[in-house]
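Only the coordinates and a few stated rules stand behind these numbers; no lab work does. Since the structure is predicted, the reported quantities are computational estimates derived from the model, not experimental observations. Because the Cβ atoms are built from the backbone with ideal geometry, glycine has one as well, and the counts that use them run over all protein chains shown.
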Amino acid sequence: MLTTRLARNGVMCAVALGVFGLFWGSTQLAWAYGKGRGRQDADGLYKRPEVVVDTKEPLDGLPVGVSASRLGPAGKDGRTYLYRYRGFRMLMASGGRLFLVTPDWHAGLDQTIVLPYGDDIRVQLVAQKDAD
C-alpha cells in the first residue's frame, strides 16, 4: 500500500513538474520573441514615416532632434493648432496614446514623448524618401 501511494505521488509530482515546465518554457519563448521584435523595431525607426504633430498647447521637454515652430496666431482663419513639431517617429500607439521618439532613440537612454489621442493634437505622417 505504501508503494502504490508513493508511486501515485511520484507520478503526480512528475506531471505537475511537466506542466510547470511547459508554462515556464512558453513564457521564456514569448519574452525572447517580444524582446527581439522590440529591438528590431527600435533599430529601424529611421525607416518609419516622420510624424508631424500639431498641438494647441506647447510641448515641454522636447528630445534633441525634434524641431518646433509656431504656426501663427489663432483668430480670423479659425486656426486652432498653434505649434508644429517635426522629427518624431512613432514607436507605438496603445491605450489611446501615441508614443513618439526620435529616429536614433535607444531604450533606457533616450526620451519618449507620450501624447493622448484627442482634439488637442493633429498628426501627419510623412514618408521617408530613402527608407531602404
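General observations
- Sub-7 Å Cβ pairs linking a first residue in the range 1-27 that is exposed (fewer than 10 other Cβ atoms within 10 Å of the Cβ) to a second residue that is part of a helix (DSSP H, G or I) and of a type outside the set (Ser, Thr, Tyr), at least 6 apart or interchain, number zero.
- Positions within the range 101-132 being closer than 25 Å to Gly36 by Cα and among the aromatic types (Phe, Trp, Tyr), in sequence order: Trp105
- Search result, residues across the range 98-115 that are surrounded by 13 or more Cβ atoms within 10 Å (Cβ to Cβ) and assigned to a strand (DSSP E or B): Leu98, Phe99, Leu100, Val101, Ile113, Leu115
- The condition (being assigned to a helix (DSSP H, G or I) and either closer than 30 Å to Val123 by Cα or of a type in the set (Val, Ile, Thr) (or both)) is satisfied by just one residue among Arg37, Arg8: Arg37.
Per-residue answers, yes or no, for (1) within 16 Å of Ile113 (Cβ to Cβ); (2) out of contact with any Ser or Thr (no Cβ under 6 Å at 6 or more places or on another chain):
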| position | (1), (2) |
| --- | --- |
| Gly21 | no, yes |
| Thr27 | no, yes |
| Ala42 | yes, yes |
| Asp54 | yes, yes |
| Glu57 | yes, yes |
| Pro63 | yes, no |
| Ser94 | yes, yes |
| Phe99 | yes, no |
